[in-house]
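Structure, as structure tokens:
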Amino acid sequence: MALNLKELSKKPELLSPGHRACAGCGSVIAIRQALMAVEGPVVVGFATGCMEVSTTIYPYTSWRIPYIHDAFENAAATISGVETAFRSLKKQGKIKGDMKFIAFGGDGGTYDIGLQSLSGALERGHDFLYICYNNGAYMNTGIQRSSATPFCAATTTSPAGEVVPGKAQFPKDLTAIVAAHHVPYAAQASPHNWRDYIGKVKKALAIEGPTFINVIASCFRGWRTEPTTSIDIVKMAVETCFWPLYEVENGEYKLNYKPKEKLPIEEWIKVQGRFKHLLDEKYKPLREEFQANVDQEWAALLEKTGDQVQKVAV
Amino acid sequence: MTNMRALTGNEAGAYAIKQIDPDVVPAYPITPQTELMQTFAQYVADGVVQTEMILVESEHSAMSAAVGASAAGARVMSATSANGLALMWEIVYIASSSRLPIVLAVVNRALSGPINIHCDHADSMGCRDAGWIQIYGENPQEVYDNMIQAVRIAENKNVLLPVMTTHDGFIISHTVERVDVLEDDQVKKFVGQYSPRYPLLDTAHPVTYGPLDLQDYYFEHKKQQAEAMKDAKKVILEVGAEYGKLSGRSYGFFDEYQTEDAEYIVIALGSTAGTAKAAVDEMRERGQKVGVIKLRVFRPFPAPELVKAISGAKAVAVLDRSEGFNAVAGPVFSEVRSALYRKSDIPVSAYVYGLGGRDITPEMISGVFADLKSGRLHEEEAFHLGLRE
Amino acid sequence: MSDQAPGWKDLPIGGVIDHAGNSFEYETGDWRAARPTLDKNKCIDCLQCWVFCPDGSILVEDEKMAGFDYQHCKGCGICAHTCPVDAIEMISEEKVGEVEIDEWGVKKSSPPEKGDQG
């Protein structure tokens, strides 16, 4: 059955208001939407990060479901323990019914410090969904670069200066790394396309075994945008093909959204303060390099999904 | 009825875990612990336990999975050594502060660097202040006995702290000795069912583990941990006595050997206590009034009890198998001398020995006694026993 | 806060919070510099505002947009910005008195059928 908001709105809100995420936080939208997909008992594990901090400031918790935060780099290992405990106790008849397990981590806790823990848990084949809410930097500690930070983005540890134009590297392709574990399901999503995203979470939760969703999440503080545009800005990441929506199901790639007109990356760059320096004429070659990288990644993806390559609309 | 087996320290540990039959065991190999977990893995493979193992990709993940499983409501055990424990470090503190009664066998090995696979106590001593109960075993029999008691101590509702049981790498882990084991059902009955305080899997009563705990409450939670460590003292003695009734082997905070009339006492942990007993036997034959205290429980530290036990002696030597790097002495010495402050003016002499598996012999310990008797005391700075100048 | 808060003997151990969702008691509404208001005449109950609200502060009753939870709404303005029919207007907190809205932020000019204004 197709998802519709009227039906979803009748379900209990699993994340209580009163959390202390910034007004207009894109990550908490991604968390909230993921929870809209949940049916039945679920346990959530969290890596240290913005969402962990802002939803559980003692003595308050926003979680209406069981929740565990252990440390920064080990959300996947921790949920492995929870899930294994469930299997053990169920096998012994000490617990009944079914249960789902979701681990959340930001890009710092997933692409960087938590990658080993994630890889281990994926390889072992635990029955859990890992959702990386990817805002492209260590926002919780004050906008430091991560391996998910876009090319040339200015962060506090990759600032744009007189001679260095922000981050020197392109982000690693974590979704591909996860897919290389041959897990049954890995996908990329964006909260602006809630139907696609919530549908993916539902799908992932229904699959037995390790599943993964990499969801782009805006951070107006780190991206230097307006809080009101938190949804627009991730939509544009998809329209420029910086953040394609696709899924890998049992090794088969499927494109979930193809922009009618593939927008130039400049359209996304120019509305974010973190790329402000790039608009300088002297950095035209860098903008071209950025565009070339997007085009190359997009073409490579289309080759895997069997879709046609689109030219950038100019 | 005795049920005697020839087991290495690691096999004795694995046998204890088999009989305890925990719900979850995360494990990662490291010398000299490896044999313990691979012995246990065979029990799992043979279907003689219900345990689910998690064969993680690092010790950090082993302790992380242990935290997740224990919070979920499972009985959890694991084992490690040296660098493995060091890699767990961050989560070792989270386990204790989350009040999760995990039992971890630490097969003592020197910490890198330089890398060394042999015994010293730098690994477990390094996390002596991590909020874990620490019980040091002397021989394979104690490895077995301590692990069974550890489950009861950790899970006691007045304690709810994780427990490390340690044994010396290679010296005990790989040495075959006679081990008197209990019947499976005796162990099962002794450890009982685990009833977790806040099981995460109780979805009808959702709880939040690991919140951000700032200035207003963190301090109170630390006080709770400190109090639990105090309460653990009573529980350790109760469990040790009850285990004695079951097995014929009672346990306390420490073991006193020939100390009643001893003028000179050596305090040591682990297998060295056995070496020291041999030295004492030999010296007693020559009419020397010497004795040994084998300190079994290092956390909580049994300060008043230890002071009482040594107060009749003329001098005491503390043998530390780890360096304190504090320009004074090792951690056991610091604790013992601190315990004596304003209680007794008995001199305490500091020794550091056996680092990286360097041998210690009964003759060397006889030499320590000779030092004590002749007043060659090392009160300001530890003497490094068995070191080449 | 520390003076009234429970002492160590009265707190659950391990830092566990055993009151699920109790952050509801924590009102983030006072962060707000501007508040969303709803024109029911324009609203098509598409619930885009609900699905994009970071704070779960869009009230939905019987599949219909019913207003805002001002105790928690932080005033980010995403709802107003994403509304496809411009039914939500942000009003500065300083000027709230100048607009006739009910306690859920529904403009009084809206038809009465959905609100509590009877």
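The values are calculated or read from the model by the stated rules, or taken from the named source; none is laboratory data. These numbers come from a predicted model, not from an experiment. Backbone-built Cβ (ideal geometry, glycine too); neighbour counts: all protein chains shown. We work out accessible area using only protein heavy atoms, side chains counted, and drop any ligands, DNA or RNA first. Shrake-Rupley method; radii C 1.70, N 1.55, O 1.52, S 1.80 Å.
Structure above, values below:
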| item | result |
| --- | --- |
| Unmet requirement for A:I65, which otherwise passes all of (1) within 7 Å of chain B (Cβ to nearest Cβ); (2) assigned to a strand (DSSP E or B) | (2) |
| Counted residues, the range B:98-122 - those being polar (S, T, N, Q) and within 19 Å of the chain's Cα centre (by Cα) | 1 |
| From the options B:D168, B:D202, residue that is out of contact with any Phe, Trp or Tyr (no Cβ under 8 Å at 6 or more places or on another chain) and more than 14 Å from chain A (Cβ to nearest Cβ) | B:D168 |
| Spans of strands (runs of 3 or more DSSP E) in the range B:79-180 with at least 1 residues open to solvent by 10 Å² or more (accessible area, probe 1.4 Å) | B:177-180 |
| Checking C:I44 against (1) touching an Asp or Glu at 6+ places or on another chain (Cβ under 8 Å); (2) within 12 Å of another protein chain (Cβ to nearest Cβ); (3) under 23 Å from A:K11 (Cα atoms), the condition it does not meet | (1) |
| Residue match in the range A:231-238 (condition: of a type in the set (K, R), more than 25 Å from A:S147 (Cα to Cα) and touching a residue at least 24 places away in the same chain (Cβ under 8 Å)) | no |
| Residue satisfying all of: in the range C:22-41; within 8 Å of chain A (Cβ to nearest Cβ) and outside any helix (DSSP H, G or I); most open to solvent (accessible area, probe 1.4 Å) among these | C:E27 |
| Residues of the range A:98-114 satisfying the condition of being within 11 Å of another protein chain (Cβ to nearest Cβ) and out of contact with any strand residue (DSSP E or B) (no Cβ under 8 Å at 6 or more places or on another chain) | A:D98, A:I113 |
| Whichever residue in the range B:41-75 is part of a loop (DSSP other than H, G, I, E, B) and closer than 17 Å to A:R124 by Cβ and, among such residues, is most open to solvent (accessible area, probe 1.4 Å) | B:E57 |
| Test: A:K91 is open to solvent by 30 Å² or more (accessible area, probe 1.4 Å) and touching a residue at least 60 places away in the same chain (Cβ under 8 Å) | no |
| Scope the range C:45-66; condition within 18 Å of A:A23 (Cβ to Cβ) and small (G, A, S); matching residues | C:G56, C:S57 |
| Neighbours by Cβ (under 6 Å, 6+ apart or cross-chain): first from the range B:138-163, without any contact (Cβ under 8 Å) to a residue 60 or more places away in the chain; second hydroxyl-bearing (S, T, Y) and buried (at least 24 other Cβ atoms within 10 Å of the Cβ) | B:A150/B:T165 |
| Pair list, Cβ under 9 Å, 6 or more apart: the range B:252-273 residue within 25 Å of B:G357 (Cα to Cα), other residue open to solvent by 50 Å² or more (accessible area, probe 1.4 Å) and assigned to a strand (DSSP E or B) | B:I265/B:E256; B:A273/B:D255; B:A273/B:Y257 |
| Residue pairs meeting the criteria (Cβ under 7 Å; at least 6 apart or on separate chains; first farther than 18 Å from A:A85 by Cα, in the range A:115-132; second among the acidic types (D, E) and open to solvent by less than 10 Å² (accessible area, probe 1.4 Å)) | A:C132/A:D107 |
| Single unsatisfied condition, C:D55 versus (1) closer than 30 Å to A:M51 by Cβ; (2) open to solvent by 20 Å² or more (accessible area, probe 1.4 Å); (3) in a loop (DSSP other than H, G, I, E, B) | (2) |
| Output for the range B:21-40, where each listed residue is farther than 20 Å from B:I117 by Cα and surrounded by fewer than 22 Cβ atoms within 10 Å (Cβ to Cβ) | B:D21 |
| Some residue of the range C:3-21 being surrounded by 18 or more Cβ atoms within 10 Å (Cβ to Cβ), within 9 Å of chain A (Cβ to nearest Cβ) and within 17 Å of the chain's Cα centre (by Cα) | yes |
| Residue that is farthest from A:I269 (Cα to Cα) [pool: residues in the range A:156-180 that are in contact (Cβ under 8 Å) with a residue 24 or more places away in the chain and open to solvent by less than 10 Å² (accessible area, probe 1.4 Å)] | A:V178 |
| One residue from C:I78, C:I88, C:I101 being touching a residue at least 12 places away in the same chain (Cβ under 8 Å), surrounded by 15 or more Cβ atoms within 10 Å (Cβ to Cβ) and at the interface with chain A (Cβ under 8 Å from one of its Cβ atoms) | C:I78 |
| Unique match (being in contact (Cβ under 8 Å) with a residue 12 or more places away in the chain, open to solvent by 30 Å² or more (accessible area, probe 1.4 Å) and on the phi < 0 side of the Ramachandran plot) among A:Y253, A:Y246 | A:Y253 |
| Residue match in the range B:345-360 (condition: surrounded by fewer than 19 Cβ atoms within 10 Å (Cβ to Cβ), assigned by TED's automatic domain parsing to the domain that holds B:S271 and at pLDDT below 95) | yes |
| Residue within the range B:243-256 that is within 27 Å of B:D129 (Cβ to Cβ), surrounded by 17 or more Cβ atoms within 10 Å (Cβ to Cβ), within 14 Å of chain A (Cβ to nearest Cβ) and of a type outside the set (V, I, T) present | no |
| Residue among A:Y67, A:Y60 that alone is open to solvent by 10 Å² or more (accessible area, probe 1.4 Å), among the aromatic types (F, W, Y) and modelled with pLDDT of 95 or more | A:Y60 |
| Pairs, first without any contact (Cβ under 8 Å) to a residue 40 or more places away in the chain in the range A:292-310, second of a type in the set (S, T, N, Q) and in a helix (DSSP H, G or I), C-beta under 9 Å, six or more apart | none |
| Per-region count, the range A:74-97, residues in a loop (DSSP other than H, G, I, E, B) and either more than 7 Å from chain B (Cβ to nearest Cβ) or of a type in the set (A, V, I, L, M) (or both) | 5 |
| Residue satisfying all of: in the range A:20-51; more than 7 Å from every other protein chain (Cβ to nearest Cβ) and part of a loop (DSSP other than H, G, I, E, B); surrounded by the most Cβ atoms within 10 Å (Cβ to Cβ) among these | A:A47 |
| In the range A:98-131, residue nearest to the chain's Cα centre (by Cα) [restricted to those that are surrounded by fewer than 24 Cβ atoms within 10 Å (Cβ to Cβ), of a type in the set (A, V, I, L, M, F, W, C) and assigned to a loop (DSSP other than H, G, I, E, B)] | A:I113 |
